[in-house]
1. Work out from phi, with θ = phi - 60° and the Karplus expression 6.51 cos²θ - 1.76 cosθ + 1.60, the ³J(HN,Hα) of each residue of region 194-207, listed in order in whole Hz, and give x for Gly and Pro.
2. At most 13 other Cβ atoms within 10 Å and a DSSP loop assignment: could you name the GluC sites (Glu not before Pro) in region 62-131 that fit?
3. Taking the alpha-carbon centroid of each part, what is the distance from region 76-109 to region 523-564 in angstrom?
4. GluC sites (Glu not before Pro), restricted to region 142-186: which are DSSP loop and have at most 12 other Cβ atoms within 10 Å?
5. In whole angstrom, note down how far apart the Cα centers of region 435-492 and region 317-390 are.
6. Distance check, please: which entries in 22/184; 12/160; 254/295 exceed 20 angstrom between their Cα atoms?
7. If you take every residue apart from residue 557 with its C-beta less than 9 Å away from the C-beta of residue 557, what net charge results, scoring Lys and Arg +1 and Asp and Glu -1?
8. Which helices of the chain meet both criteria: a Cα extent of 27 Å or more along the helical axis and a mean Kyte-Doolittle score no lower than 0.0, with helices taken as whole DSSP H segments?
Amino acid sequence: MLEEEYQLDYFKTQGLVRKTCKSCGSAFWTRDSSREVCGDAPCEPYSFIGNPIFRPHTIDSMREAYLSFFEKQGHTRIERYPVVARWRDDIYLTIASIADFQPFVTSGVVPPPANPLTISQPCIRLNDLDSVGKSGRHLTTFEMMAHHAFNTPNEEIYWKDRTVELCDQFIASVGGDITKVTYKENPWIGGGNAGPSVEVLIGGLEVATLVFMSLGRQKTQGKGYDLKGEMYYPMKLRIVDTGYGLERFVWASKGSPTIYDAVFPEMVSHVMGAAGLSHHLDNPDYTRILALNAKYAGLMDISGTNLFNLRKKVAAAIDISPEKLDKMITPVEKVYAIVDHTRCLAYMLGDCIVPSNVREGYLARLVIRRTLRMMHELGISDPLSDLIEEQIRIIGTGKFEQDMAVVHEIVDRETEKYAATIERGTRIVQKVAKTYKAKSQRVPLAEIITLYDSHGIQPEMVRDIAAKEGAVVELPDNFYSIVADQHSESQREAGEDSTATYATRVQALPPTRKLYYEQSSEIEFEAVVIDFFDNYVVLDQTVFYPEGGGQPADTGTLVSSESMVRVDNVIKVGEVVLHHIAGGILGRGDRVKGMVDEERRFSLMRHHT
């Protein structure tokens, strides 16, 4: 697909040849005609650890090197956007630099702030949350250094050949050997747009992606392309969308055993000290363990049960048992994760995300509580707010520092709420555990997610308390990634689609009694399940406000004699109210008790008013 789009004059004049990776089958371009693999993980291991491929740089110096380079090449430097994507309807967090310009600039509705431009955009992605700290490379927050050009039918700025040429020139400017760079073909899709792209690889590490955004979902004249089951058609605008990983460039410039040691040395040392741990990177045996862990993690997917496979590989390489290795390295991984998460929270709270049970606030609370749990496990007594303040000092953003008192207040309040959750959560989990033990069943993942979403009860707490009650809980290693993924995208469009989809289905059902009109201050009620389909529950009556009139729906829980489920969205189809639940099953005729999230309702009512 799109093969002809990669036949660049620049590749040919520079002597690059197109080859097929013998390991993964992907097409790639290289100056080394004898090369047999694409250079990406897991086809090629890291070769830069202990052997840097760029001149040494800090975060600040590498960022400045990049932005200055592209300014000299005629680009205008622009300021970063917030990490909360309030201008977008489909995502909550800024996940890439191009998200700054979608959908209005990329669709041609408004002009770009400069053309061409360069930016270093802080981004947050939580889909690999559980791998942070363990893989040696995963981050929740990273800066995407980028240069963008917006080509119109009337004005050509530059396109594919110049983009790749600039990439080679920048890599050379920071000391990289461009003869060792490979460009791997990989079509890109995101935010309703698509196009050919190449991943830029060196030393076994992907350091950049160059996207040539030229396709959109709106049908136009010209050839259509089927990409992952969706048809895309040529756009009027052709957009250069690049992303260079700032932290990865710094890591490759230092050759450190992990990205955390390269990027956050000061904060890693601070948290290690708070945890009472030694972290001697001058000890070759210790450094070798961390380096091997990162190298093997780069060759495999460590989500799910594969983390134990990683432990076995590293343990075999250093001739110790996986259990001994786990005991040695787990505390270090938790420190790395705390360092990453506190940086993430510095950006979230600094850009005015308020922790809550909804939208981006839910994601902030998720990161806060995960961090508090790991701090407790390591015996760190420093307040979380102090660690975030230290991160803000290191980041050096004046606005964040001005808001520090507010950040302290928010985080300290969240810490108190977390402590209260642990106290009351014991009774809730005991009840759930006894229910499933009586049925000789494992506590299902959906139930554990509901306990977390509805009550903030950590999965590890569920596992430990359930074990004391004789119930079995099996937690996936990527639990937090699963939860974050479920809450990372807006459900507004889904709600609108569902209204039309279920209009016929609910015609035969009786109207729902709308207690939210009759008893507007109530947050608890009892009801009978009338119907259940596609994770939607229809009750005979409800106090849950459905989405409408510009106000989001209530959320909360439904509890039956058999289970407890979380209500994460409510819609009204005709005169019938549908409650969408995040996992679990309810049967027709079941009696349930409904409880609305009071804090969220009050917040929404105040905002709506």
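1. 7, x, x, 8, 10, 8, 9, 10, 7, x, x, 10, 7, 10
2. On the way: sites: 64, 71, 79; in loops: 79.
Listed in order of number, the matching sites are 79.
3. Cα centres, region 76-109 to region 523-564: 34 Å.
4. Details: sites: 143, 155, 156, 165, 185; in loops: 156.
Qualifying residues, ordered by number: 156.
5. Using only Cα atoms, the two centres lie 19 Å from each other.
6. Working: 22/184 13 Å; 12/160 13 Å; 254/295 15 Å.
None, as every Cα separation is 20 Å or less.
7. Once positives and negatives cancel, what remains is 0.
8. Values: long enough: 322-350 (40 Å, 0.07); 359-378 (30 Å, -0.28); 404-438 (50 Å, -0.39).
Both cut-offs are met by 322-350.
All of the numbers you see were taken from the coordinates with simple rules; none came from a lab. Remember, it's a predicted structure, so these values are computed and weren't measured experimentally. We place every Cβ from the backbone using ideal geometry, glycine too, and count neighbours over all the protein chains shown.
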